[in-house]
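The block underneath contains the structure these notes are about, expressed in structure tokens.
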Amino acid sequence: MAATFENPADLEEREQMALSTLLKRLGDDEFVLAERYTEWQVRAPSLESDLALANNAQDELGHARLWYDVLEDLGFKERSLVFEREPSDFRHSTLVELPFEEGNWADPILRSYLYDVAEELRLEALEDSTHPKIADRVRKIQSEERYHLEHAQSWMERLADGDEGHERLQDVLDRLFPHALTLFEPVDSDVEADIVDLGLRDATLEELREEWLSVIVPYLESLDLEIPEIDQTDDDKLEVAVDQEMLPDERGRDGGHTDAWFDLYDEFTRTYRELGRSETTKIMEKPNEQ
Amino acid sequence: MSSDISETDATPCAYTDYRKGEQANSLTETGDDATGLEAAVWNTLYEIEDPEMPISIVDLGLLYGVSVQDGVAHVEMTLTYSGCPARDMLTEQVEEAVAAVEGVKDIELQLVWSPEWTTERVTEQGKEDLREFGLSV
């Protein structure tokens with residue numbers, strides 16, 4: 001049967017699972033990346049760069065919310081998706097959860113670049129989604145994302161231009177690259193196949209990864225950065241064999257996370273827990289309801 | 001003023017076919033044709049201002065559609081920015097105001113995101129309000 005995502009209540013279990021998995025991948029990446037970006041507030045190298053990254057963080061929070069909104073159709077609530085969720089249920093890539101190397105501005109910049117290229121590609125693959133609410137959101141997000149890539153690339157080029165900046169970028173690339181590959185790892189391979197079969201997204205993870213590599217590899221090379229463990233057998237054709245050994249032990253998508261994630265989770269849920277909150281968006285009751 | 005060049009001699013390009021078209025922002029829903037209860041809902045929406053600027057949310061172009069069926073008002077609107085911190089404040093304000101319209105039993109508000117909001121959606125009245133506020137639009 002042709003699945004219709006107009007009425008979430010009519011969805012079969014397989015469709016619900018595919019939908020919720022896709023949305024958690026999308027929403028969790030955005031949410032956790034925003035959490036990390038905000039650590040740079042008042043610490044970035046200049047006032048402008050501080051505001052730019054803080055603004056990108058706010059964009060990502062807005063996008064996380066757009067995806068979580070669609071999850072709410074399946075019966076989730078914002079609090080159960082964020083503040084009351086088991087940390088191991090989050091499906092983000094480990095790229096977004098890693099702590100920044102202290103004071104190393106090349107880290108958020110390169111991370112943003114690797115992530116934003118991947119995001120651009122996966123949004124393209126969602127433009128014709130069979131789920132009307134997903135398709136409805138894509139263009140809005142794309143229009144707000146364009147600046148992110150521009151921001152990351154203009155900084156990459158500045159950093160790569162000097163010896164120290166170049167060295168820092170290379171160190172960060174060596175450290176982040178295996179984690180960036182987890183962006184394309186499956187939550188569960190059967191469910192991932194369903195996501196494509198049901199037309200929720202029209203590219204497989206492998207296709208997205210290939211496309212991503214075909215964008216980032218030439219760009220990084222143009223800045224004289226070496227991509228770790230990538231064999232290029234043919235000058236004209238990019239031959240990148242990604243094997244499991246290149247991936248980190250924790251892949252994020254499958255619920256396995258680095259210790260840093262559990263620390264971050266404790267930190268952002270602390271106030272909610274300590275104040276005994278049960279609503280996410282209400283600071284206080286309205287005066288006339290007290 | 002030194003430049004006093006009159007533009008009255010300007011002629012349209014001979015190679016272009018000129019026709020009277022619709023206004024650029026005519027896609028913006030403002031409820032001009034609405035009647036009855038729907039008109040009452042539009043009037044109420046007109047009174048709600050953006051949280052940061054003295055402009056009606058209707059003139060700002062946030063509304064995508066209003067319909068009332070069996071006393072239930074269906075309102076489709078967007079926000080200028082997905083990360084809008086005033087989202088709940090604004091949607092709650094809309095829900096409360098519309099629910100208070102006489103004859104409306106319930107309201108279903110849906111946030112929609114395409115076509116995405118741009119400044120093109122601001123009506124002429126809205127542009128005037130924004131200019132008066134000091135923005136260049």
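See the values below:
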| quantity | calculated |
| --- | --- |
| Chain A: most fluctuating residue of A:84, A:245, A:30 per GNM, C-alpha cutoff 10 Å | A:245 |
| Translational diffusion of the protein assembly as shown, µm² s⁻¹ [Kirkwood Rh, Cα pairs; Stokes-Einstein; 10 °C; 1.306 mPa s] | 65 µm²/s |
| Modelled FRET efficiency - R0 51 Å, residue A:50 with residue B:14, Cβ distances, 0.05 increments | 0.40 |
| Residue with peak Gaussian network fluctuation, chain A [Cα springs, cutoff 10 Å], from A:48, A:211, A:120 | A:48 |
| 30 Å Cα cut-off, lysine pairs counted over the protein assembly as shown (separation 8 or more, or different chains) | 16 |
| Per-pair calculated FRET efficiency, R0 = 30 Å: residue A:84 and residue A:260 via Cβ, rounded to 0.05 | 0.90 |
| Residue-averaged beta-carbon neighbours from other chains (10 angstrom radius) around B:47-58 | 0 |
| Residues in region A:51-78 that a label on residue A:275 would reach, taking backbone N under 18 Å of a point 7 Å out along Cα→Cβ | A:78 |
| Most fluctuating residue given options A:65, A:14, A:122, as computed from a GNM of chain A linking Cα atoms under 10 Å | A:14 |
| Values of log10 I(q)/I(0), in the order q = 0.11, 0.13 Å⁻¹, for region B:29-132 under a Debye, Cα-only, solvent-free model | -0.30, -0.42 |
| Simple label model, 7 Å out from Cα along Cβ direction - residue A:77 to residue B:128, nm | 4.7 nm |
| Residues of region A:189-210 with amide N under 16 Å of a point placed 7 Å along Cα→Cβ from residue A:14 | A:189-201 |
| Residue A:7/residue A:167 FRET efficiency (R0 51 Å; Cβ-Cβ; nearest 0.05) | 0.40 |
| Inter-probe distance in nm under a simple model that places probes 7 Å from Cα toward Cβ, at residue A:202 and residue B:52 | 3.5 nm |
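None of the figures in this text is laboratory data; all of them are computed from the coordinates on show. Values in this document were obtained by computation on a predicted structure and should not be read as measured data. Don't worry about glycine lacking a Cβ; one is built from the backbone with ideal geometry, like all the others, and counts go over all protein chains shown.
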